[in-house]
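The values are calculated or read from the model by the stated rules, or taken from the named source; none is laboratory data. Worth saying up front: this structure is predicted, and the values here are computed from it rather than measured. Positions of Cβ are generated from backbone atoms using ideal geometry, with glycine treated the same way; all protein chains shown enter the neighbour counts. SASA here: full protein model, heavy atoms, side chains in, ligands and nucleic acids out. Shrake-Rupley method; radii C 1.70, N 1.55, O 1.52, S 1.80 Å.
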Amino acid sequence: MALIMPVLVIILFGIFQFGIAFNNWIALTHAAREGARLAAVGSYDEQAIRDSAPSVTIQYIDVTGIGGNIGDPVTVTVTGDVLNVDIPFVGSWPIQLQSTASMRLESSE
């Protein structure tokens, strides 16, 4: 029991931390897609991007391609808050989550 319990605790906490990180990454991916879609149709709104991922604190939003020609790519990169992964007996380390989405410009407003 003394040999197996620490290994099980490490695995269990690793699964929990991975789940939290994956959930945050999915939220950032959704926010990036939402931002790219809004930018592609000509109604880009930074607050709408931040509101589309309420479970994650978004630090940076980088948009390229707005104001180009119709059909040119619009790329939105969303960077979330640093997530500290903490697993007992192993350690703690920070990870920065980021997601990028690109769509074609449909309107040149």
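Taking the criterion of being closer than 28 Å to W93 by Cβ and in a helix (DSSP H, G or I), the residues of the stretch 37-59 that qualify are I49, R50. Taking the conditions (1) farther than 30 Å from M5 by Cα; (2) assigned to a strand (DSSP E or B); (3) open to solvent by 30 Å² or more (accessible area, probe 1.4 Å) in turn, E34 satisfies each one other than (2).
When V90, V85, V78 are screened for being open to solvent by less than 30 Å² (accessible area, probe 1.4 Å) and modelled with pLDDT under 90, only V85 passes.
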